[in-house]
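Worksheet for the structure shown next.
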Amino acid sequence: MSILSLENVGKSYGNVHALRDVSLSVRQGEVTCVLGDNGAGKSTLIKIVSGLHPHTSGSLLLDGSPVSFGSPRDAQSQGIATVYQDLALAPLMSVWRNFFLGNELRKGFLRTLDIASMKRICAEELSKMGIVIPDLDRPVASLSGGQRQCVAIARAIYFGARVIILDEPTAALGVKQSGVVLRYVVKARDAGLGVIFITHNPHHAYLVGNHFVILKLGRVVLDAHRDELTLDQLAAEMAGGDELAELSHELRGADPAKVVSPSVVERGSVEAPGS
Amino acid sequence: MTTITELAARDDRVASRPFLARLLSRPEVGSLVAAVVIFLLFMAVAEPFRNVANIGTILYGASTIGIMAVPVALLMIGGEFDLSAGVAVTTAGLSGSLLAWNFGLNVWVGVLFSLVLAVAIGAFNGWLLLRTGLPSFLVTLGTFFILQGVNLGVTRLATGNVASAGINDMSGFSSAQAVFGSEVSIGPVNLKITVLYWILLTVVGAYVLLRTRIGNWIFAVGGDAAAARAVGVPVRATKVGLFMAAGFCAWLSGMHLLFQFNTVQSGEGVGKEFIFIIAAVIGGCLLTGGYGSVVGASIGALIFGMTQLGINYAGWNPDWFRTFLGVMLLLATIVNLYVKRRADLR
């Protein structure tokens, strides 16, 4: 069952077509991986789905009916949560305030913040991800990059009821923390969420993905199910397929094992490649 | 809670922070230390400072600054400046007075008109800022000059003078004066009603900032507006709301000015905006936004009140007041920075 689907969605900024005719569908309990090199249009795709920018052509379907999100708040209220590459945390605010930012719990007649509950839930959700922050009043800026990523993901999963979009969640992480994040991706899938996993790492994608979409220069160049694809094929497609073959042909004479004895290099004596 | 403490105990790299360190990492600590030092200094050198009856005078001086320092601090935490805050007070006082006087209306009509105008000026600042994407420093510098000129120009057009005409013989004046300019005596201490407004604003401001959703949003839009927007915080509404709050407080100050002195000098208020900002900075607000305290800003205002009168009481030449303020500003910010760093390391 497809929760969210894009049909021929396009986005142009003035005369720049950042995204053209992109179709993809996100199914419940599946991980859809969107791969692409820098500038392929991954970020634009996220911005459309998460409600930051409206699309300029095509249609966005939620449960089969067309929608257009006016704001991130709008998208969130319809169950679409996003973890951004730049994490979307306010650095000087405490961990629990960041966790509940935009979704604050309130109680009583004066609608006061329910600080005790928020701290408790925040600590519980973070310990589920395997990170311990004893003082939730600490500013987020004092956490490590991995911890910050975990806060952002735990927050999105806690609030993201149906579809969660992860924008390169493993890009800035070490091997162990990437493992934690990937395990969380699987957990989110098992909980019945539709996961959009944006990455440029085919190895990470193949570990968890059900469905793979490769973007290049704003277009879909590959849309395949896991059964139709091996990791090597995915990596080759991702690296550009034909382009990689061409590059290896070009560099054939480069002899990567060669070691050159040290010598003084005169200014201007190194030629530009291809000249 | 047990699971959390168990887990915390497992990770032995992080010890819990001592209570004192946590206390010292609060934003208003620097200003509190400074306030105590200044209080002790003037207690030592200025004889009249020790007189209990002068508490009222000191608090009055602090309150006229504090009423504006509270919204200015909130605005700074929200990442914006308001350089027009000082002259907006004068605009509020003048507009109410001139409208009522010129058309012979009940004074309260002028009061309401002034409220609408002051809040509208705040909303205009916020709207222009978001519309153009210019830094608030420039936008409010523009409104600062516009209002300064309008204050002088309109007053001269209406009265042929540089001050608004006296309105104490008009209907509604005495009741309005009771609201904006009255005084209560508690023992030997005479407290102006502005002191009450100041304390009320501080309490409400601190409550809103730390205990409500809106406060969370204020911190977020100042700390990282893009991040705040991405998680669904209404950034525009929050910022415009903060400017409107500054407008409201400018109205309150302006009404006090009008009903305390009966006329308003149209050139007044220039330079006050920096005093409000300094009070907020002494109180621990970062110029870059996202961090600060309303209580701190009020302590900053109290420091001003004490210094202003303390210098007089000590028999020093009041020419040195501004120099003293500059030194205070630098010292307070350095102390803030130092204390915060030390506390965060612990």
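The values are calculated or read from the model by the stated rules, or taken from the named source; none is laboratory data. None of the values given here were measured: they were computed from a predicted structure. All Cβ positions, glycine included, derive from the backbone under ideal geometry; neighbour counts span all protein chains shown. For accessibility, only protein heavy atoms count, side chains too; no ligands or nucleic acids. Shrake-Rupley method; radii C 1.70, N 1.55, O 1.52, S 1.80 Å.
Can you spot a residue in the stretch A:154-161 that is among the charged types (D, E, K, R), facing chain B (nearest Cβ under 9 Å) and open to solvent by less than 20 Å² (accessible area, probe 1.4 Å)?
Checking the stretch A:154-161: at least one residue is among the charged types (D, E, K, R), facing chain B (nearest Cβ under 9 Å) and open to solvent by less than 20 Å² (accessible area, probe 1.4 Å).
So B:Ala237 passes all but one of these: (1) open to solvent by 20 Å² or more (accessible area, probe 1.4 Å); (2) without any contact (Cβ under 8 Å) to a residue 24 or more places away in the chain; (3) closer than 11 Å to A:Arg97 by Cβ. Which condition number does it fail?
Tallying (1) open to solvent by 20 Å² or more (accessible area, probe 1.4 Å); (2) without any contact (Cβ under 8 Å) to a residue 24 or more places away in the chain; (3) closer than 11 Å to A:Arg97 by Cβ, B:Ala237 fails exactly one: (3).
Counting just the residues of the stretch B:277-297 that are more than 19 Å from B:Ala220 (Cβ to Cβ) and open to solvent by 10 Å² or more (accessible area, probe 1.4 Å), which one comes out nearest to the chain's Cα centre (by Cα)?
That would be B:Ile277.
Does A:Gln149 satisfy the criteria of being surrounded by 20 or more Cβ atoms within 10 Å (Cβ to Cβ), within 30 Å of A:Ser2 (Cβ to Cβ) and within 9 Å of chain B (Cβ to nearest Cβ)?
no
How about the stretch A:61-140: which helices (runs of 4 or more DSSP H) wholly inside it have at least 1 residues that are among the acidic types (Asp, Glu) and either at the interface with another protein chain (Cβ under 7 Å from one of its Cβ atoms) or within 23 Å of A:Leu166 (Cα to Cα) (or both)?
The helices (runs of 4 or more DSSP H) meeting that bar are A:72-77, A:115-128.
From the list B:Ala245, B:Ala230, B:Ala237, B:Ala225, which one is of a type outside the set (Ser, Thr, Tyr) and facing another protein chain (nearest Cβ under 8 Å)?
On the way: B:Ala245 fails: facing another protein chain (nearest Cβ under 8 Å); B:Ala237 fails: facing another protein chain (nearest Cβ under 8 Å); B:Ala225 fails: facing another protein chain (nearest Cβ under 8 Å).
Just a single option satisfies the conditions, and that option is B:Ala230.
Tell me, which helices (runs of 4 or more DSSP H) wholly within the stretch A:162-239 include 2 or more residues that are open to solvent by 20 Å² or more (accessible area, probe 1.4 Å) and at pLDDT 85 or above?
Values: elements: A:175-190, A:202-208, A:231-238.
Those helices (runs of 4 or more DSSP H) span A:202-208.
Looking only at residues that are within 7 Å of another protein chain (Cβ to nearest Cβ) and part of a helix (DSSP H, G or I) in the stretch B:201-222, which one is most open to solvent (accessible area, probe 1.4 Å)?
B:Arg211
Taking B:Ser174 and the conditions (1) in contact (Cβ under 8 Å) with a residue 24 or more places away in the chain; (2) open to solvent by 80 Å² or more (accessible area, probe 1.4 Å); (3) closer than 19 Å to B:Met255 by Cβ, which numbered condition does it fall short on, given that it satisfies the others?
(1)
If you check A:Ile121, A:Ile133, which single one turns out to be out of contact with any helix residue (DSSP H, G or I) (no Cβ under 6 Å at 6 or more places or on another chain) and in contact (Cβ under 8 Å) with a residue 12 or more places away in the chain?
From the options A:Ile121, A:Ile133, the qualifying one is A:Ile121.
Determine whether the stretch A:129-143 contains at least one residue that is more than 30 Å from B:Phe19 (Cα to Cα), surrounded by 15 or more Cβ atoms within 10 Å (Cβ to Cβ) and among the β-branched types (Val, Ile, Thr). Reasoning before the result, please.
Our first condition is that a residue be more than 30 Å from B:Phe19 (Cα to Cα); within the stretch A:129-143, this holds for none.
Taking every residue of the stretch A:129-143 in turn, none turns out to be more than 30 Å from B:Phe19 (Cα to Cα), surrounded by 15 or more Cβ atoms within 10 Å (Cβ to Cβ) and among the β-branched types (Val, Ile, Thr).
Consider A:Ser142 carefully, then state whether it is over 23 Å from A:Leu193 (Cα atoms), free of Cβ contacts under 8 Å to residues at least 12 places away in the same chain and polar (S, T, N, Q).
Numbers: over 23 Å from A:Leu193 (Cα atoms): yes; free of Cβ contacts under 8 Å to residues at least 12 places away in the same chain: yes; polar (S, T, N, Q): yes.
Yes, satisfied.
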